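The values are calculated or read from the model by the stated rules, or taken from the named source; none is laboratory data. Everything numeric here is computed off the predicted structure, so don't read it as measured data. Quick reminder, even Gly has a Cβ in these numbers, built from the backbone with ideal geometry, and neighbours come from all protein chains shown.
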Amino acid sequence: MARRHDLVGLTVLAMLSVRASHPYELHRFIVDTHKDYVTGLPRSLYHAVERLAKEELIVPVETTREGRRPERTVYEITEEGRAELSVRLRRLLEQPEADRRAFTAAISLIGCLSSAQAKMALRTRAASLEGGIAGLVSHRQALADGGLPEVLALELECAQALQEAELAWVRGLIGRIDEGRLDWPGSVRSALLEQVLD
């Protein structure tokens, strides 16, 4: 299994789930679509491709050369790679964490899941957020009951406000998916990515 927060690897798997590509093409897509959670380009991208190939989540399918340009190896995702992509995305969607980049990456690539998988993961996240908010409310009340001045617990108030805002957004997203107000990938995803990659 690859690293849990390998956001570059996650993005590579997601892009290759749409079509086979070579690393330069993937790099161009990441830059052109402002996937700012991907850092350390282009080195991190090439390392991710090497790791994923070693783990047999992607495989080379051809090597081409145009004129004087260097050889380019085209990779495609394996069935194990598709399963790993689904597991990683669902995990990042389900589990609230301090690292906001992980959630941003998962939301950016959510279309690689079926709408049913995405809704299930988002509902799990909503339940976790509800639990976290309840815990913060209780903690703040206990501190207030113990005589701690409110000004010394503002970070808890801020954390609660942020989680409440995220919960409202996640619930809204679930509603948009349920009501069919959000175009779900398939033909939409492929069309958009083909447009960017061509």
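Quick look at the values:
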| quantity | calculated |
| --- | --- |
| Answer from 46, 37, 75 - the residue that is among the hydroxyl-bearing types (Ser, Thr, Tyr) and at pLDDT below 90 | 37 |
| Of all residues making up the stretch 124-164, the number that are under 13 Å from residue 96 (Cβ atoms) and either surrounded by fewer than 11 Cβ atoms within 10 Å (Cβ to Cβ) or basic (Lys, Arg) (or both) | 1 |
| So residue 82, is it under 17 Å from the mean Cα position of the chain (by Cα), in the same structural domain as residue 39 (by TED's automatic domain parsing) and closer than 23 Å to residue 12 by Cα | yes |
| Residue in the stretch 33-42 that is closer than 23 Å to residue 182 by Cα and surrounded by 14 or more Cβ atoms within 10 Å (Cβ to Cβ) present | yes |
| The stretch 95-123, residues that are crowded, with 17+ Cβ neighbours inside 10 Å and either of a type in the set (Val, Ile, Thr) or farther than 19 Å from residue 85 by Cβ (or both) | 96, 107, 110 |
| Filter result for the condition that a residue is touching a helix residue (DSSP H, G or I) at 6+ places or on another chain (Cβ under 8 Å) and not hydrophobic (A, V, I, L, M, F, W, C), over 155, 166 | 166 |
| Qualifying positions in the stretch 94-108 - hydrophobic (A, V, I, L, M, F, W, C) and within 15 Å of residue 182 (Cβ to Cβ) | 107 |
